[in-house]
1. Where does the chain land on Rg(C-alpha)/(2.2 N^0.38 Å)?
2. How much net charge surrounds Asp460 when only the other residues with a Cβ under 14 Å from the Cβ of Asp460 are counted, with Lys and Arg +1 and Asp and Glu -1?
3. Take the cross-link list Lys393/Lys525; Lys284/Lys393; Lys96/Lys536; Lys284/Lys757; Lys296/Lys422 and give me the ones stretching past 31 Å between alpha-carbons.
4. In whole angstrom, note down how far apart the Cα centers of segment 702-755 and segment 518-573 are.
5. Between exposed GluC sites (Glu not before Pro) in the chain, where DSSP calls loop and at most 13 other Cβ atoms lie within 10 Å, what's the longest gap?
6. May I ask for the angle, rounded to the nearest 10°, between helix 56-66 and the longest principal axis of the chain, with both axes built from Cα atoms and the value confined to 0 to 90°?
7. Can you compute the label reach from Asp339? Point 7 Å from Cα along the Cβ direction, backbone N cut-off under 17 Å, restricted to segment 361-402.
8. Please report Met453, Met377 as a ranked list, fewest other C-beta atoms within 10 angstrom at the top and most at the bottom.
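Bear in mind these aren't lab numbers, they're just calculated from the coordinates by the rules spelled out. Please read these numbers as outputs of a predicted model, since none were measured by experiment. Reconstructed Cβ throughout: ideal geometry from the backbone, glycine too, with neighbour counts over all protein chains shown.
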Amino acid sequence: MFFLQGCRSRIEPADADREARELLGLVPGFDWKVDPGSRLADPSNAAFPLPPRDDPDSRRITVMIQEKDAYEDGNESRLLASEKWRDQLPLHENGKVGLEIETAMRLGLLHSPEFQAQKEQLYLSALDVTYERFRLEPKPFLGFSGGASSKEGTPSNTLESTTRAGFGGMAGQGADWVASLASRLSIELGGGSVDVGGSLAGLTITQPLLRGASKRFYRERLTLAERRLLSDARSMEQFRQGFYLGLATGRNPALGLGQSEIAASSARTSSVSGFLGLLQEAQKIRNQEANVAKLKDSLSQLEAAFEAGRIGNRLQVDQARQALYGGQSTLLASKAAFDGRLDQFKISMGLPPDLEVQVNEEYVEQFRLTDVDLVEMQDALNLKLRLARDPDKTPSSPSLLALALETRAMRPRVERSLAGFKSDHGDLRTALPVRLKWYWRLRERPDLREIGMGADAFRDEDLNRVVAELNATSERMEEQFSVYWESLDDIVASAQADPLDRIRGRVSTSLNELTGLFLELSLAKASARLESIVMKEVRVETEYALRMASEKRLDWMNARAALVDAWRQADLARDDLRTDLDLVLSGELGSSALGSGNFRPAEGGASVGLELDTPLSKVLERNRYQASLILYQQARRQYLAFEDEVLSSLRNFSRVAKLNQLNFELSRAAVRGAIAQVDLARLRLSEPPQVGRNGQFGATTARDLVNALNDLLDASNSFLQVWVGYEAMRMRLDYELGSMKLTENGTWVDPGPILAKTPSRWKNKN
């Protein structure tokens, strides 16, 4: 009974979990089971799941064939997924899930079906190892046989039983051994005799001498299972790295060997999705919102110019209005597209698309070139300007005075924005040494010098001049705002004494002037923030990077191991062609009395023999050997292709890193030029009429301003896209080199600059 209970314990699911967990100690904190707080958790007993609701027509087929209910049909109220996971979500006060990359990774590891499948695959590999270990263990056996017999014409019947127990297994150099104990009992009914046959102890050893004469052959299945478990453990860790990349950039390189997917793409055309893609789209929306605000401001200025007679054709005002409507329509479309991408991102985390989330955009805050508070004040000011010009909305001096007082109340917010500009300018001065270092590296690049670009395009004096101009702008704007507030105070003081038309004109002019100052301040802040943005250095020397990858990449380790596995299978298959020649040793001792334990050599015996099987008919083994050779050669070519793919990927990363670094500065210059064009168009619009001229603007004034604003929007988006592509490439390069590190929560440990370059001490050794 004890023996039977012991056997039963090995089939309990808990024992399988225990054995697998012991094996998976090499994966810290590993647990293949679904976390109870996961959306994937089975609300019923996962070990004995209840039947789900069947399709009615399919169930009728089952009942028709089996002529009875095969199983209990589930019902609609039986849930396939638990709703308790919602109680553990990191909710903000507004009831939305705060979403940044760290939170996304934590939620993804908890709820993602793909990641759960990877854990289960590793668990199944561990189960394979437990079985192969069990297969090689000495195993007990117990057998019982019995029967009754009778002879015709005799009154007696005989009852016989035989019990056999023992152990068996493999050892040494492939030897197969069996140790057994057999007992026989015979009872003759009718005659009344009982024949106690006694016991027989035996031992048989079969030792291969040629084919299979080594422990490596009979242990091969265990070896392969252990190596596969190690490979799957590495793949699991690499999948975690790839899972982070998938959430961050939208591409999980651990799902395939296509290593150059991002690297082969130009920074200007590559598309990044995932969380970085969400942040990029969110910032594009902010850029579009700022553009709409500037279009509103421009329309107000053009309307004021038309009313003042400085624009003779209303078509220009209509052009600006249509541009505003187009910008607003684009903004709505961008928000709708963002919501769709956000839904897909939630699905990639294993969460339902209707879950309310709030994306934290702090990661791209530096690309918010336009001050949000300044945009809000500009919108409010445009509304006041429209009210000041409309006699129906402001029919009296008190109503106009109220607008002036509301505008003066904005002064603290404006001063905070000016202080923010000083802070942005301070950030620029801090970033200046890094910027100058980048300029030096670009000037020294041979590929740029070959096309005559480096020295002329990236001059230190140009960057220093930008810094000096922004410094002068900061001082000038402080003075301009100081003068403006004094003039506004004068308007407020004389409002009650001035005629209605005069106060309306003065208030409208003042508001229009402040609108121009807001635009100038907005552009100045955008310039300061633009010039403060820097990139983290990436330098890739292909030879050293390849050496790093060969030593650190987990999939490269697995590729080498897989190639050896293929070779070893061919070597084992070759052994199957050898002659079977086995040495067989056997011996037994008998006992006359059942269970006496008094075994005597006289009642036993021993034998030694050879068993021979020639390979004359081993056609199947021959074919298997030839197939194994082909499989090895295929594996060898796949390994070489893998090395080539990694090398190509690293070479592409080197090229694209250089391209991105150049494109980043060129995109920055494009934004700088677009800001200058907007500033120039604004200055033209605010210029006072010259003496001796009609004072009207040119026929393309509105179009030039609208085009300049749209160019600024496009350039800002392109600048952001290059940076996001570069950051995605930097993350991917860290993965490709095998140097990627994750925290316990599964988030990327940013290494900062990635310098895969040959140490100076190695340069002269090859």
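1. Details: Rg = 41.2 Å, N = 766, 2.2 N^0.38 = 27.4 Å.
Its radius of gyration relative to the 2.2 N^0.38 Å reference: 1.50.
2. Values: positive: Arg435, Lys437, Arg441, Arg443, Arg459, Arg465; negative: Glu444, Asp456, Glu461, Asp462, Glu531, Glu665.
Here the charged neighbours net out to 0.
3. On the way: Lys393/Lys525 34 Å; Lys284/Lys393 35 Å; Lys96/Lys536 33 Å; Lys284/Lys757 35 Å; Lys296/Lys422 26 Å.
Flagged as over cut-off: Lys393/Lys525; Lys284/Lys393; Lys96/Lys536; Lys284/Lys757.
4. Distance between centres, Cα-based: 14 Å.
5. Working: sites that count: Glu67, Glu72, Glu76, Glu83, Glu93, Glu152, Glu356, Glu744.
Free of exposed loop sites, the longest segment is 357-743.
6. Its long axis makes an angle of about 0 degrees.
7. The answer is none, because no backbone nitrogen lies closer than 17 Å to the label point.
8. Least to most surrounded, the residues fall as Met453, Met377.
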